[in-house]
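Q: Structure incoming, see below.
Read the figures in this text as sums done on the coordinates, not as results from a lab. Bear in mind the structure is a predicted one, so any value in this text is a computation, not a measurement. Positions of Cβ are backbone-derived with ideal geometry, glycine not excepted, and every protein chain shown enters the neighbour counts.
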Amino acid sequence: MNIKDINAAWIEAGQKVDDLNAKITAALVDEEVSAEEIAEMKAKRDDAVMRRDSLKDQLAIARETEKAAPVKDEGPAVITDTKKKGNAKMDFATQVRGMMMHDPKVMNLLTETDTSGNQLGLVIPEDVQVQINALVRQYASLQQYVRTENVTMPSGSRVYEKWSDIKPLANLDNDAALIGDNDDPQLTKVAYSIHRYAGISTITNTLLNDSPDNLIAWVTQWIARKSVVTRNQAILNVLPKLTAKKPSISSYDDVKTLINTGVDPAIAATSFLMTNVSGFNVLAHVKDGMGRYMIQPDITKPNVYELEGKPVVVISDKWLPDQSGNHPLYFGDLKQAVTLFDRQQMSLLTTNIGGGAFEHDETKIRVIDRFDVAATDGDAFVPATFATLSGSTTTAASTAH
């Protein structure tokens, strides 16, 4: 075990001792706990104390051994094989630090360019990419609602067939009947072209001298937040282009009509409602004739709300604003309607000279994300608008259902 592992084991052992002491204290004030049980707890506690103290001694020995070991001069940080299992994360941290310090040996190896001749910089390895994706899911990411396709080429096209275009097979009258040709499906060609989305942030020199884990944590959190905001905006920009149908809603009955008839029945089961905070506030005040709110929390997920059995996704007004005083209300299956083509080639590049970094003794780090968002089935996600809904107050609740 290395020093890091021994230190973690020592901390865990100390926590175990604290837990056992707390358990003994609780048992001593509980008259139903026997003396034998308390003695057994104390024996376990004493054993845990011995292990904790022994680990502390081992940690001290390991630290002294490390100090006594001769320092090997390995020269500046260099790019290593980031695909090597178990070392990719630490290699990445070393590369980031070397790049931020403008180490020539590192910078000379960052020569890869895209098809337009733009320097890619340091490509984020797979295990760090996994950390970023895990953080993305913790934020209000719209990517979970659309279809995501990983691509390896900067541009291309896909062919899609709508649910409503699928025709049934012919019914044959007898065994000798001639089998005819199927109707040719109505196919739609969807082209994608990967775009580059970039941003620059300033990093302190203190963080450069911090541990690799802290450096990676800062980088992954920053990228995750930027990725969520960027991809959310790209998805929302596609929504108004989906269909020519844009029903206007003035009553709760209109909302029910949108749910019942807005999309093909084949995708109704996987459909949901989407609105902004202002629109959700109006919907949340709609009551039935008994004075009960029509929007109810999902009993299995308290933070998820449903309307007529359909999930309601709420987006900030900042990203999904009102239009001319009308609130947006979408309904359908966004995975059928929109596809995000992910190039999976995020990259980093730094400078301590340009962008004012030299004057302020700072280091700037640039991230580039590569993806495209395209509409694939305009009839699968219908946009509606509303200002107010009749039945949104208790006095008018009888008209709401």
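Q: Once you have the Cα-Cα distance between L169 and M290, take 0.36 nm times their residue separation minus that, and quote the gain in nm to one decimal.
A: Separation in residues times 0.36 nm, less the Cα-Cα distance, equals 38.7 nm.
Q: Let me ask you something else. When L258, L329 are ordered from fewest to most other Cβ atoms inside 10 Å of their Cβ, what list results? Walk me through the intermediate numbers first.
A: On the way: L258 22, L329 25.
By the 10 Å Cβ count, ascending, the order reads L258, L329.
Q: Spin-label point model (7 Å from Cα, Cβ direction): what's the A266 to Q233 distance in nm?
A: The answer from the label model is 3.6 nm.
Q: Follow-up. Round to the nearest 0.05 the FRET efficiency obtained for E32 and K256 when R0 = 56 Å and r is the Cβ-Cβ distance.
A: 0.45
Q: Give the order of W319, W222 when sorted by the count of other beta carbons within 10 angstrom, beginning with the fewest.
A: Exposure proxy ranking, most exposed first: W319, W222.
Q: On to the next question. Using amide H atoms built in the peptide plane, which far-off residues or other-chain residues are under 5 Å from V313 H to H?
A: Hits under the 5 Å cutoff: L273, M274, T275.
Q: Something else now. What is the gain in length, in nm to one decimal, between M153 and N214 on full extension, counting 0.36 nm per residue of separation less the C-alpha to C-alpha distance?
A: Extra length available between M153 and N214 comes to 18.6 nm.
Q: Looking at this model, which pairs from K226/K364; K256/K287; K256/K335; K246/K318; K241/K287; K241/K335 are more than 25 angstrom apart at the alpha-carbon?
A: Going by Cα-Cα distance, K241/K287 fall outside the 25 Å limit.
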